[in-house]
Structure formats: structure tokens, C-alpha cells
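Here the structure comes first, spelled out in C-alpha cells, and everything after it is commentary.
Coordinate-derived values only; no laboratory data. All figures in this text were calculated on a predicted structure; none of them were measured in a lab. Glycine also receives a Cβ, built like all others from the backbone with ideal geometry; neighbour counts cover every protein chain displayed.
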Amino acid sequence: MTHILYKTNVGKNKPNTLINKDYKCPFCNRDGLRKEGRILRETDEFLIVENKFPVLDNSYPAVVVEHNSCNEHIGTYSVEYLERLLSFCFDYYADLQKTGSYKSIAFFKNHGIFSGGSIQHPHMQIIGFRNNSYEVKDSDYSGITVLSNEWIDWNFSDKPKSEFFEINLTLKDKGQLDVFCTYLQKSVQFILQVLNTKHQCYNLAFQIEDDCIRVKIISRGPTSILLLGFGIHQTPNNLNDLATQLRAF
């Protein structure tokens, strides 16, 4: 079941620091989060917080606060910092799986106003769905090769799940998380600095499997009527050139 009820009565109360710059950032105030009793897991660097606005029916939403500062993001972290962050997230994801309470779990990131995000502070989300599942196919992660070796597959999707620019990254050896983080960060930087300088928006969609970790890095802007109204996915005709450019980048 891929359709899920959105609780509009909850959603209308969500803060939006991307639009309202005067709104006080909820993730900068750790003491406030502690007083509310919403911190589920904490280190000096990262937090996992129970989402104060659970807008999706029959789900358990958690927010991963990535950094103490509103002004940092995946493109500015060190690779070592990103590796610690993802390890922290993967551990929580695995613990949710072990509960057996969820039919599926989604781990993703919104960055920017066209990504579906509402808070500027760098964060990701891990949502356990009790009744909903989603389908992921190998073809979703195939495309025009940027780099392929014994550790990773890195490519531009030639059959995007949305439209235009999607970068796929698969880690085939989980012991090489630092390699994965290096190319994940390069992909994000390439979107922000080259592909999408106008909107500065992207999504990350992770798929964690027994033998690999996959992430789809999606450049975001206003979505076309062809996709929304007719289900037509637009694929760029210059993917070979972009693969060469990303490889050099």
C-alpha cells in the first residue's frame, strides 16, 4: 500500500524556518528538547528526536539532528563527520527493524524549500510505517556509470523515479563506509554547485539491505505537470556528459 493518510490538522501547525526566518529554530535549542522529553538518542554531535508533528497515519517518525549549527550541511561536513553521522543513523534504523513493529522503514533527507523540507537546520528523518510498504527495484539504481569498482556503483539514473537529475550510489562493501561518504558528499556538492545552483534543493532516499547500502540523490525544483498529471518522467539527454563532468568533479 503506497498511499498514506496525511493529518492536515497536525501539518498546519508545523513551523517553517525556510519561509519564516524569524521563527526560532527548534533544533538549536537542545535544552528545550530535553525538557519536552523528546530526545530518543543523543551524542555530543547528533540527536534523534521524536517528531513533534507526526503528520503521517500509523507511523513512528523520528528526526535525526545532524549538527549543532543551522549553517552546516552534508556538503560542508568532513568525510569523517559524515561517516559518524551515517553510522549513528544506521544503528537506529537497525534497532527499529529489530522491534518487528514496522512493515517498512523510510530513511531520507530533505534539503531546501522545493524538497518538501520546512526546517533549515540540517536533519534527516527515519519513519517506521506500520501498514505501508514501498517497492524498490534494482533498475531504480541503474544508469549511466560515473564510477564502478569493487566497493561502489555510482551513476546517473537513466530511468529516474521522479524526473531529470538523480544520482545513484550503491555501497557493495559495508566495511567501506568512508568511501560511500566521500562520493555521497561529492554528489551533493555537484548538485548544489553545478546542477541546481538556482534552487539549491535536493533529497536523499536511503535503502539499507543486508549486503549493500543504496542512496538516491535527487536534485529538486518545481515538479512538472508531465510528472504530476500524466506520470511522464523526463530524462536528460546529456547524462553521458554529466557523468564525465561528475567524475572529474
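Results, tabulated for the structure shown:
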| quantity | calculated |
| --- | --- |
| Over segment 140-234: Kirkwood hydrodynamic radius from C-alpha pairwise inverse distances, Å | 13.8 |
| Cysteines in the chain that, by Cβ-Cβ distance, have no pairing candidate under 4.7 Å | C70, C89, C181, C201, C212 |
| Nearest-20 debye value, segment 8-129 charge dipole, Cβ charges on Lys, Arg, Asp, Glu | 500 |
| Dipole magnitude (debye, nearest 20) for segment 72-170, charges at Cβ of Lys, Arg, Asp, Glu | 460 |
| Angle in degrees between helix 239-248 and the longest Cα principal axis of the chain, rounded to the nearest 10 | 70 |
| Nitroxide proxy distance, nm - points 7 Å out along Cα→Cβ at K14 and K161 | 1.8 |
| Magnitude of the charge dipole, the chain, Cβ model with Lys/Arg +1 and Asp/Glu -1, debye to 20 | 980 |
| Neighbourhood net charge (15 Å Cβ-Cβ; Lys/Arg +1, Asp/Glu -1) for H233 | +1 |
| Under the Karplus curve 6.51 cos²θ - 1.76 cosθ + 1.60, θ = phi - 60°, whole-Hz ³J(HN,Hα) for segment 21-37, x wherever Gly or Pro sits | 5, 8, 6, 6, 5, x, 8, 7, 9, 5, 4, x, 5, 5, 5, 6, x |
| Amide H within-cut-off set for N16, under 5 Å, with H built and near neighbours excluded | none |
| Helix 177-190 axis, angle to the chain major axis (alpha carbon atoms, nearest 10°) | 80 |
| For segment 95-145 and segment 149-183, distance of Cα centres in Å | 16 |
| Principal-axis tilt of helix 79-99 within the chain, Cα atoms, nearest 10 degrees | 70 |
| GluC sites (Glu not before Pro) restricted to segment 133-197 and DSSP loop, no more than 12 other C-beta within 10 Å | E135, E150 |
| Cα gyration tensor shape of the chain, rounded if a/c is under 1.5, else prolate or oblate by comparing a/b with b/c | rounded |
| Phi-based couplings in Hz for segment 212-225 (Karplus 6.51, -1.76, 1.60; Gly and Pro marked x) | 7, 10, 10, 9, 9, 9, 10, 6, 10, x, x, 7, 6, 5 |
